[in-house]
Amino acid sequence: SYTTDTKSKEENKKTIESLYSLSVDIKKIRRVKEWVLLQDVAYVKEIAGILREMGADETAVANILERCPEAILHTPEEINSQRALWQLVCQNEKQLIKLIEQFPESFFTTKYHQNQKANIMFFQELGLKNNIITRFLTSAPSIFYNPVEKNKNVVETLQRNYLNLGGSEANMKIWILKLLSQNPFILLNTSTTIQENLEFLQKNYFTDHEVLQLLSKLKGFIFQLNSATMQKSMLFSKNVFKCSDQELKQLVLKCPALLYYSVPVLEERLEGLLKEGISIAQIRETPMVLELTTQIVQYRIKKLSALGYDIKSGNLESLNGTKKDFEVTYGKIQSKKERPIFNPVAPIPIED
C-alpha cells in the first residue's frame, strides 16, 4: 500500500526526470494520481525497458505510463512474473503489448499474482479457449483475484444445478463454457445466492426445463439478482398486464427482462412506450420491447414514422432486437415502400 498523504511529501525529482525523458505528460499524472510521484522508490526506466522489450514503441510506453502511472511502483521482478503469466494465454508478445496498451490497469495489478495463475490454469482445464481467458483478464480482472477454490465452488454449483434441472451430462460442458463466456461475473457470486435464486424460480411454478431456458436467455445475470427484487418486478408486471400467474410465467419466458429489471426501470420504459401512443395490449403481445431503453425506442419509432409506418396500429416486433436486427427490419420496410406496384394484367402504354 502506498501513502496518499500529499501534504507532507514532495515529488520525487528523479521520478519526474525519468518520466519527462520518456515524453510522459507529467501534468496528466499530477491531475489524476499525484501520489505516485511522491513515492521514494520508483522503477521508471526498468518498467519502460520491459515494455520496450515486449515491442512497445516510445509513444506506447508514454501512453501506458500516463494511463497507469502506478506501473512504475512495481519491481521489474513483479512485472516479469506478470508478463510470463499473461503469456500463458497470449499468442505472442505483440498481442500482449496490445492488451497492455488497452488495459494497463488489469496488467499492472500484481497483488493477486498467485490467484491469477491458479485461476488461469483452472479455466484452461475447464476448456475455456485462451482468447476467452484473455478477454476475462482485461474486461473482468476481478474474477482472477478470487482464490481458485471459490471459482471452482461456483462452477461446481452451476454444474450440479444444470444436471438437477434435467440438463444432460453430454451438454453440460458446452453450457457452462457458454454461460461463463457470456457473463464471467457469475463467478463473483456465492454458491448460496445461485441456489436461492434457482429455488425462487421453482417456487414460482417454473418447471425445471423452463428454469434452464431462463438461465440460458438471461446469460447468467439472474445470479446477480435477489429473490426480493425479482418478486417485486414480477408483481409489478402482473398488475400492469392484469394477468394470471400462468400468463405472467409465459410473459417472463418470452421476455426475461421482466424478471431482471427493477421496478423503477420497468416503470420508466413502460411510460416511455405509453407516451408514444403504444397500448398496454401491444406491449403485452410483444413484451421484449421492454428490453430496450426509452431513447432507443424513441429513435426507432422516429425512423419508422419517417417511412410512414404507424407503430400505434402496427406490430411492435419491428422495434425489437439488436441494432443490427432493427436495421434489417428497417431496410425491408424501406424497400417495400420504394418498390413500384406492378400489375401483370395492366396494358403496356404505347406511344401513338
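The values are calculated or read from the model by the stated rules, or taken from the named source; none is laboratory data. Being a predicted model, the structure only gives us computed values, none of them experimental. Cβ atoms come from the backbone with ideal geometry, glycine included; neighbour counts cover every protein chain shown. When the accessible area is computed, the model is the full protein with side chains, heavy atoms only, and any ligands, DNA or RNA have been set aside. Shrake-Rupley method; radii C 1.70, N 1.55, O 1.52, S 1.80 Å.
Considering every residue within region 330-344, establish whether at least one is closer than 30 Å to Lys249 by Cβ, at pLDDT 85 or above and open to solvent by 50 Å² or more (accessible area, probe 1.4 Å). First the steps, then the outcome.
As a first pass, look at region 330-344 and keep what is closer than 30 Å to Lys249 by Cβ: none.
Checked region 330-344: no residue is closer than 30 Å to Lys249 by Cβ, at pLDDT 85 or above and open to solvent by 50 Å² or more (accessible area, probe 1.4 Å).
Quick one: which of Lys219, Lys129 is open to solvent by 30 Å² or more (accessible area, probe 1.4 Å), without any contact (Cβ under 8 Å) to a residue 24 or more places away in the chain and under 20 Å from the mean Cα position of the chain (by Cα)?
Values: Lys219 fails: without any contact (Cβ under 8 Å) to a residue 24 or more places away in the chain.
Checking each option against the conditions leaves just Lys129.
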Exercise. Within region 279-296, how many residues are touching a residue at least 12 places away in the same chain (Cβ under 8 Å) and closer than 14 Å to Asp325 by Cβ?
Worked result: 5
Problem set entry | Residues satisfying the stated conditions in region 35-49, i.e. farther than 19 Å from Glu93 by Cα, surrounded by fewer than 19 Cβ atoms within 10 Å (Cβ to Cβ) and not hydrophobic (A, V, I, L, M, F, W, C) | Gln39, Asp40, Lys45
Exercise. Does at least one position in region 254-264 carry a residue that is buried (at least 17 other Cβ atoms within 10 Å of the Cβ), of a type outside the set (Phe, Trp, Tyr), modelled with pLDDT of 90 or more and over 24 Å from Gln182 (Cβ atoms)?
Worked result: no
Exercise. What are the residue pairs meeting all of these: first residue in region 315-328, first residue within 12 Å of Leu304 (Cβ to Cβ) and among the charged types (D, E, K, R), second residue modelled with pLDDT of 85 or more and open to solvent by less than 30 Å² (accessible area, probe 1.4 Å), Cβ atoms under 7 Å, and 6 or more apart or on different chains?
Worked result: Glu317/Thr286
Problem set entry | Failed item in (1) under 32 Å from the mean Cα position of the chain (by Cα); (2) closer than 25 Å to Glu10 by Cα; (3) not aliphatic (A, V, I, L, M), with Tyr43 passing the rest | (1)
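Confirm whether Ser181 is under 21 Å from Ile143 (Cα atoms), assigned to a helix (DSSP H, G or I), out of contact with any Ser or Thr (no Cβ under 9 Å at 6 or more places or on another chain) and polar (S, T, N, Q). Let's see the steps before the verdict.
Working: under 21 Å from Ile143 (Cα atoms): yes; assigned to a helix (DSSP H, G or I): yes; out of contact with any Ser or Thr (no Cβ under 9 Å at 6 or more places or on another chain): yes; polar (S, T, N, Q): yes.
Here the answer is yes, as Ser181 does meet what is asked.
Any idea how many residues of region 273-300 are out of contact with any Cys (no Cβ under 7 Å at 6 or more places or on another chain) and open to solvent by less than 10 Å² (accessible area, probe 1.4 Å)? Please lay out each step first, then the result.
Looking only at region 273-300, we keep the residues that are out of contact with any Cys (no Cβ under 7 Å at 6 or more places or on another chain), and these are 273-286, 289, 292-300.
Those still in the list that are open to solvent by less than 10 Å² (accessible area, probe 1.4 Å) too: 273, 278, 283, 286, 289, 297.
Residues meeting the conditions: 6.
Look through region 103-117, keep the residues that are under 30 Å from Trp175 (Cβ atoms) and open to solvent by 40 Å² or more (accessible area, probe 1.4 Å), and return whichever of them is farthest from the chain's Cα centre (by Cα).
Start the filter on region 103-117 by keeping residues that are under 30 Å from Trp175 (Cβ atoms), which leaves 103, 106, 112, 114-117.
Going one step further and asking which of them are open to solvent by 40 Å² or more (accessible area, probe 1.4 Å), we end up with 103, 112, 114-115, 117.
Values: Phe103: 15, Tyr112: 23, Gln114: 26, Asn115: 23, Lys117: 23 Å.
Among them, the one singled out is Gln114.
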Problem set entry | Residue among Arg31, Arg52 that is loosely packed, with under 14 Cβ neighbours inside 10 Å, assigned to a helix (DSSP H, G or I) and out of contact with any strand residue (DSSP E or B) (no Cβ under 6 Å at 6 or more places or on another chain) | Arg31
Seminar exercise, completed: Residue pairs within 7 Å by beta carbon, gap of at least six or interchain, first lying in region 229-256 and at negative phi, second open to solvent by 10 Å² or more (accessible area, probe 1.4 Å) and β-branched (Val, Ile, Thr), listed first then second, are Lys232/Val263; Ser233/Val263; Phe236/Val263; Val240/Ile280; Phe241/Ile280
